[in-house]
Amino acid sequence: MPWPMVHLTIAHLVKQGRPSPSFVLGSIAPNAFRVRQGANEQMKWASHSCPSEGVLPRVRDIQLFHAAHADRSLGEEYNEYLLGYAAHLYADVRWAETVYKGIENYVQRFIVYRWYSQIRSFQSLYQRDVLQLEYILMDIHPETKDLLEALEVAPALSMGALVTMEEVDDYRFEILRKLEEPVKPRTLRFMDVERVEQFIQDTAEELSWLLPSWQAQSENDQLTYKEIIHEQ
């Protein structure tokens with residue numbers, strides 16, 4: 001799945017350059033389980049609303065996740081955070097279907113890979129590239145400074161038992177620390193920056209109309225529910 005800078009850059013575009021700090025925090029929150037002692041894949045499937053182990057949610061599943069957690073009474077900051085959380089889930093699904101799948105197919109066609117994989121797995125090659133991609137995106141996107149400042153000042157929020165407030169808070173500062181660390185520039189081996197940039201643009205455009213529709217539907221459902229309760 002993509003690392004934080006991809007999610008943060010998507011957040012910037014979805015909100016037309018003015019994402020709220022809570023939306024920015026929500027866009028990285030599903031991965032906050034990683035700071036948990038004994039973090040494992042099962043925790044990842046849970047925090048990412050996967051219907052079963054190793055099976056990514058469908059778009060409809062993400063919409064239902066948003067509807068199940070939407071609550072206007074919790075205020076604007078929470079609902080922006082929830083939208084950012086849902087945006088992360090959607091971006092992960094689209095990344096798996098496009099960028100990740102493309103890289104996997106590309107690498108497997110390499111005869112050299114068959115030899116090299118005896119020493120290093122595909123995942124280690126992939127992780128090397130996505131780490132380097134973090135710093136490339138920081139360099140080419142002038143909004144990075146504003147995004148990191150928004151991430152730092154956002155009020156910590158939870159997502160029920162999926163990720164706690166403390167975990168989200170700790171994970172946010174872990175990201176900020178890592179992105180401040182100096183890194184030795186390396187060329188990408190299998191990723192293409194232009195392809196990733198296109199993914200960011202496409203995903204942000206899709207979310208720009210999906211998120212408002214999910215929010216409107218959730219608000220309508222809540223009003224309908226309140227009317228039914230009132231009539232009873």
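The values are calculated or read from the model by the stated rules, or taken from the named source; none is laboratory data. The shown structure was predicted, so the numbers you read here are calculated from the model rather than taken from an experiment. Here Cβ is always computed from backbone atoms with ideal geometry, including for glycine, and neighbour counts include all displayed protein chains.
Cβ-Cβ distances below 8 Å connect the following pairs, each with a first residue in segment 161-179 that is among the polar types (S, T, N, Q), a second residue that is surrounded by fewer than 18 Cβ atoms within 10 Å (Cβ to Cβ) and outside any helix (DSSP H, G or I), and a separation of six or more residues or different chains: Thr164/Ser158. Being without any contact (Cβ under 8 Å) to a residue 40 or more places away in the chain, within 16 Å of Phe65 (Cα to Cα) and not acidic (Asp, Glu) is a property that Lys15 lacks. Return the only residue of Leu179, Leu133, Leu137, Leu148 being among the hydrophobic types (A, V, I, L, M, F, W, C), touching a Ser or Thr at 6+ places or on another chain (Cβ under 7 Å) and surrounded by 14 or more Cβ atoms within 10 Å (Cβ to Cβ). Of the residues listed, the single one that is among the hydrophobic types (A, V, I, L, M, F, W, C), touching a Ser or Thr at 6+ places or on another chain (Cβ under 7 Å) and surrounded by 14 or more Cβ atoms within 10 Å (Cβ to Cβ) is Leu137. Considering segment 35-57, and only residues there that are closer than 18 Å to Asp170 by Cβ and touching an Asp or Glu at 6+ places or on another chain (Cβ under 8 Å), the residue that is modelled with the lowest pLDDT turns out to be Arg36.
Going through (1) under 21 Å from Gln201 (Cα atoms); (2) surrounded by 13 or more Cβ atoms within 10 Å (Cβ to Cβ) one by one, Arg58 falls short only on (2).
In segment 72-100, the residue that is nearest to the chain's Cα centre (by Cα) out of those that are aromatic (Phe, Trp, Tyr) and closer than 22 Å to Met165 by Cβ is Tyr85. Within segment 179-205, how many residues are over 17 Å from the mean Cα position of the chain (by Cα) and part of a helix (DSSP H, G or I)? Of the residues in that region, 4 qualify.
Under the condition of being at pLDDT 95 or above, surrounded by fewer than 23 Cβ atoms within 10 Å (Cβ to Cβ) and either over 23 Å from Pro212 (Cα atoms) or touching a Lys or Arg at 6+ places or on another chain (Cβ under 8 Å) (or both), the residues counted in segment 1-27 number 0. Could you tell me whether segment 105-113 includes any residue that is part of a helix (DSSP H, G or I), in contact with a His (Cβ under 8 Å, 6 or more places away or on another chain) and either buried (at least 22 other Cβ atoms within 10 Å of the Cβ) or modelled with pLDDT under 95 (or both)? No - not one qualifying residue is present in segment 105-113.
From the list Ser208, Ser218, pick out the single residue that is at pLDDT 95 or above, part of a helix (DSSP H, G or I) and hydroxyl-bearing (Ser, Thr, Tyr). Matching residue, one of Ser208, Ser218: Ser208.
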